[in-house]
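The values are calculated or read from the model by the stated rules, or taken from the named source; none is laboratory data. As the structure is a computational prediction, the values presented were derived from the model and not from experiment. Cβ: placed from backbone, ideal geometry, glycine included. Neighbour counts: every protein chain shown.
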Amino acid sequence: MPALPLDEAGKYVAAAYIVFLALILIYVAIMAVRLARIQQDIRELAEIVEDREAGAPAREPHALPEEHARS
Amino acid sequence: MLGRGLKSFSIASTLLVVAALGLTFFYAPLDADQGFIQKIFYLHVPLAIVALGGFVTGGIHGIKFLRSGDRRQDLRSYVAIHMSLIFGVGALLTGSIWARAAWGHWWLWDEPTLVSFLVVFLLYACYQPLRFSIEDPERQARYAAVFAVTAGAFVPLNFLAVRMAESLVHPRTLSSTDNLPGPMALTFLVAVIAMIVLFTTLVKYELAAKSTRMQLGRLKRRLSGEAPSAPLTTRRSAAPQNL
């Protein structure tokens, strides 16, 4: 087959490079979703730690007499 | 650490991909036979080479896993094959576009190079379903490693078989680079290196993301009083869930 003229060949070359770019962009988008999920996990972990820290003094031995007094 | 050197690899892959594109469009001369359409060569061939190399790398990590039982090797094998499949899709699509422009057909079934690459790609397309079908993580990792080793050995054999076959239209790249003029050979070399570095960077990204998620999962389970070795999710997954 003879070589395609530049205006015709340009479309195919552009299509090939756009396919490559699209693959990379789709991958980056998937990684962004995963990053969001990791951020969500970190938020959940921070909440667990905050809840523990907020609840910890109540479980200390010196906090018990009040509970004993009520019982 | 699984994602070590990520920053340097990211910078290197950006610079190399930009250099490869610059050389392709502003330095490499037009091919006397195919003209401008031959510019796809600098994208399609490196994609195919790196995809096949990644499949073999997956097999090597599979061997390491079977020898040591180290779950990080299973993760590396999984990520290498996963990424090679993406690069394989790129190689198939760009090859098909090139074939349409150069030969007038999107696909030629009597062309050994094309069909053999498709066979390898379809073989590896079974890897994820295989992993997904096995619930027990130990068995999943072991069976996947055996698959990766067997299929990884098939890649060079397939490559040699195709080399020995008579081909009418598909050019031979690695045995005929002497025919490439200096600027074309240099551009091709830079494009291959750029693709290898890009592949390595993406593999490192994937490994870092998966390892971070596993660490977070372990931390979450520890804080909520569950066993750290419990599975990351209750959903079945093709990806390794714990190291």
Of all residues being hydroxyl-bearing (Ser, Thr, Tyr) and within 14 Å of A:ARG34 (Cβ to Cβ) in the stretch B:206-224, which is farthest from the other protein chains (Cβ to nearest Cβ)? Just the residue, please. B:SER211
Take the stretch A:4-33 and flag every residue that is touching a Ser or Thr at 6+ places or on another chain (Cβ under 8 Å) and closer than 19 Å to B:THR201 by Cα. A:PHE20
Boolean, B:GLY104 is closer than 20 Å to B:VAL162 by Cα and of a type outside the set (D, E, K, R): no
List every residue pair whose Cβ atoms lie under 6 Å apart, where the two residues are 6 or more positions apart in sequence or sit on different chains, the first residue falls within the stretch B:41-54 and is within 12 Å of chain A (Cβ to nearest Cβ), and the second residue, located anywhere, is outside any helix (DSSP H, G or I). B:VAL45/B:THR173
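Within the stretch B:164-194, work out how many residues are at pLDDT below 75 and in a helix (DSSP H, G or I).
3
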In the stretch B:22-36, how many are at pLDDT 90 or above and either under 20 Å from the mean Cα position of the chain (by Cα) or buried (at least 18 other Cβ atoms within 10 Å of the Cβ) (or both)? 2
Could you check how many residues of the stretch B:62-119 are over 21 Å from the mean Cα position of the chain (by Cα), surrounded by 20 or more Cβ atoms within 10 Å (Cβ to Cβ) and in contact (Cβ under 8 Å) with a residue 60 or more places away in the chain? 2
Only residues in the stretch B:13-25 that are more than 14 Å from B:LEU43 (Cβ to Cβ) count as the first member; pair them with residues that are among the basic types (Lys, Arg) and not in a helix (DSSP H, G or I), Cβ under 6 angstrom, at least 6 apart or cross-chain, and list the lot. none
Picking from A:GLY10, A:GLY55, the residue that is at pLDDT 70 or above and under 30 Å from B:LYS220 (Cβ atoms) would be A:GLY55
Mind counting the residues in the stretch A:11-44 that are of a type in the set (Val, Ile, Thr), facing chain B (nearest Cβ under 7 Å) and closer than 30 Å to B:ALA99 by Cα? 2
Hits in the stretch B:114-158 - residues which are small (Gly, Ala, Ser) and within 16 Å of B:ALA80 (Cβ to Cβ): B:ALA125, B:ALA141, B:ALA144, B:ALA145, B:ALA148, B:ALA151, B:GLY152, B:ALA153
